[in-house]
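> Below is the structure I would like to discuss, written out as structure tokens.
Readers should treat all values here as calculations from the given coordinates under stated rules, not as data from a laboratory. Nothing here was measured: the structure is a model prediction, and the numbers come from that model. Note that we place each Cβ from the backbone using ideal geometry, even for glycine, and neighbour counts take in every protein chain shown.
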Amino acid sequence: MGHLWLQIGKRPGATGYSPVTAWAGRTDLTPGPRPSQGRGRPPAGAATPPSLAGKGAGGLGPGARGAGDAARARTEAALRELALAQARTEQRLAGLAERVDGLTEAVRELVEWQRSENNRREGERYERDIRLVGPRLFAAGEGGAPFEPHVRPRLSQVLAEVFAAEGELDPQADPLLADLVWWKDGQFVLAEISIVVGMSDVYRAEPQAATLRKAGQERGVESVLPVVIGQRWSGVDARKAAERLGVAWWIREDKDVSPELVAYRRLRPARS
């Protein structure tokens, strides 16, 4: 706090001014001339305020500066620890994110496999059901899957020369891989069965029938009709392909039966 001189006017009979001196919380009213001390300095011999005792030019004493440096060092050390902890946390989070991504991919693959497996099993059940109602679908006759005991001997007899001459057949053209074989005397049907009938079903049915037709010319096979059976078409292209290749169809959802299959149903075997 500085040394403040205020002129408050002359006192009657006085020859000078009355200074008001404010220093360290004290106010002295001393009549007389202005002292010789410079502005802002305490009078000679005045006590130093306790709040300024021991302070240097910077306004803080050595003890206060040391305490501030120690606090700053502790703060910086704490910040470094926080930074290291944050880095470790981010590293753990990155590892967890990678593991979650791996688990997500594994779950996706499992779901896809389960969906595919369910579709396969549903398709197998559908094929089995169609085979069971074969006598109704084809209106008499006999047949079944190529692996069934009463079907395989008949197919093996017809295909004996083909097997002897060619050995392995293209799977697309092998009658033993058909879903259903049916016959009324010498009139055969080779059928592909799918819940949703697509192009692949049509393209398998036709070459399988062609193989059996060629092999059976000398073995009592009069005709072989390729057929696709299912609940619905996969699209108009599959139906157009069937028409183009001479493949008959029975689409049960639409009650859509091709004329060729209608004609086959009207055939009556000599032996019932």
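> Just to confirm a number: summing +1 for Lys and Arg and -1 for Asp and Glu over residues other than residue 178 whose beta-carbon lies under 10 angstrom from that of residue 178, what do you get?
So the surrounding residues net to -2.
> Could you order the peptides 226-236, 80-90 from most to least packed, using the average number of other C-beta atoms within 10 Å per residue?
226-236, 80-90
> Next up: Tell me, 69, 185, 174 in order of fewest to most beta-carbon neighbours within 10 Å?
69, 185, 174
> First check a/c for segment 94-246, with a ≥ b ≥ c the square roots of the eigenvalues of its C-alpha gyration tensor; if it is under 1.5, answer rounded, and if not, answer prolate when a/b is larger than b/c or oblate otherwise.
Verdict is prolate for segment 94-246.
> Once both labels are modelled 7 Å past Cα along the beta-carbon direction, what's the residue 152-residue 140 spacing in nm?
So the label points at residue 152 and residue 140 sit 3.0 nm apart.
> Please find the FRET efficiency linking residue 124 to residue 217, where r is the Cβ-Cβ separation and R0 is fixed at 45 Å, and quote it to the nearest 0.05.
Result of the calculation: an efficiency of 0.85.
> What shape does segment 200-272 take by its C-alpha gyration tensor, where a ≥ b ≥ c are the square roots of the eigenvalues and a/c under 1.5 counts as rounded, a/b above b/c as prolate, and the rest as oblate?
oblate
> So, one more: Work from the charge dipole of segment 111-244 (Cβ charges, +1 for Lys and Arg, -1 for Asp and Glu, about the Cα centre) and give the residue of 190, 147, 208 farthest towards its positive end.
Checked the options; the winner is 190.
> Another question, if that's okay. What is the distance, in nm, between label points placed 7 Å from the Cα along the Cα-to-Cβ direction at residue 252 and at residue 168?
Going from the residue 252 label point to the residue 168 one covers 3.6 nm.
> Fewest Cβ neighbours within 10 Å first, please rank 163, 138 accordingly.
163, 138
> Can I ask one more? Between residue 64 and residue 266, what length comes free when the chain is fully extended (0.36 nm per residue of separation minus the Cα-Cα distance, one decimal in nm)?
61.3 nm
> From the phi angles alone, apply the Karplus equation (6.51, -1.76, 1.60; θ = phi - 60°) to segment 235-240 and give each ³J(HN,Hα) in whole Hz, x where the residue is Gly or Pro.
Those phi angles translate into x, 5, 5, 5, 5, 5 Hz.
> Step through the residues of segment 85-99 one at a time and calculate ³J(HN,Hα) from phi using the Karplus curve (6.51 cos²θ - 1.76 cosθ + 1.60, θ = phi - 60°), rounding each to whole Hz and writing x for Gly and Pro.
Listing the rounded values in order: 5, 5, 4, 5, 4, 5, 5, 5, 4, 5, x, 5, 4, 5, 5 Hz.
> To continue, here is another question. Would you please put 186-192, 175-181, 216-222 in order of how densely packed they are, using the mean number of other Cβ atoms within 10 angstrom per residue and starting with the highest?
Peptide ranking by packing, descending: 186-192, 175-181, 216-222.
> Right, another one. Using the 10 angstrom Cβ neighbour count as an exposure proxy, how do 264, 203 rank, fewest first?
203, 264
> Here's something else I'd like to know. Nearest 0.05, what FRET efficiency do residue 116 and residue 243 give at R0 = 41 Å with Cβ-Cβ as r?
Working from the Cβ atoms, E equals 0.85.
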